[in-house]
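In what follows, a single structure is set out as structure tokens and then discussed.
Please treat every number below as a calculation from the coordinates, not as lab data. Here the structure is a predicted model, which is why all the values come from computation and not from measurement. Counting neighbours? That spans all protein chains shown, and the Cβs are built from the backbone with ideal geometry, glycine included.
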Amino acid sequence: MNLNKVVLKFVSISFSILVILLVILGLVKLGTFCYEFGYRVFTEAPVEEEPGTDIEVEVSDGMSEHDIGKLLEEKGLIRDANLFYAQLKLSAYSGKLRPGTYTLNTSMTAKDMMAVIAAEQVESTEAVQ
């Protein structure tokens, strides 16, 4: 009977240690993921080196900023739509992306693409003489 109590106590302590180790491992993994994601928000490199590839993208009216990120990811201009969305929300271009057809390059950074998509449309007018 005394042996049963010792074995039960050993199993109980072992299980508690295992749970604590799993929680610590989970927190380390979560912390590593968050750090890497946060680091990439500010340091993400372009998909390709210069000269890159020109790709035409059509941003339609009513697309959300996250939808634009998904579109750029599908076209191969960025690696991660969620990362683009986070970069956009932390930039001065948040809420300023405009619908239109744009020619973007795979050697552009996400910030460069935001600047192009947020640029005001300049309408050319020719003077009639």
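Given the -39500 (n - 2.57) contribution per DSSP H run of 4+ residues, what per-residue ellipticity at 222 nm results for the chain, rounded to the nearest 500 deg cm²/dmol?
The helix contribution divided over the chain gives -18500 deg cm²/dmol.
Test of understanding: express the Cα radius of gyration of the range 10-129 as a ratio to 2.2 N^0.38 Å, with N the residue count.
With N residues counted in the range 10-129, Rg over 2.2 N^0.38 Å equals 1.58.
Quick one: pull the percentage of alpha-carbon pairs in the range 54-118 with a separation above 19 Å.
15
Give the calculated FRET efficiency between Asp112 and Glu74 to the nearest 0.05, with a Förster radius of 22 Å applied to their Cβ-Cβ distance.
Here the calculated transfer efficiency is 0.75.
Helix 2-43 against the longest principal axis of the chain: what's the angle in degrees, Cα atoms only, rounded to the nearest 10?
Approximately 10 degrees, to the nearest ten.
Return the Rg/Rh value of the range 1-43, two decimal places, where both radii are evaluated on C-alpha atoms and Rh is the Kirkwood radius. Could the numbers behind the result be given before it?
On the way: Rg = 18.7 Å, Rh = 12.9 Å.
Looking at the range 1-43, the ratio lands at 1.46.
How far, in degrees from 0 to 90, does helix 65-74 lean away from the longest principal axis of the Cα atoms of the chain, to the nearest 10?
Here the helix axis deviates by roughly 90 degrees.
Distance in nm between label sites at Glu36 and Thr53, each 7 Å beyond Cα in the beta-carbon direction?
About 2.5 nm, to one decimal.
In the Gaussian network model of the chain, springs joining C-alpha atoms below 10 Å, which of Leu83, Leu72, Leu30 carries the largest mean-square fluctuation?
The residue with the greatest mean-square fluctuation here is Leu30.
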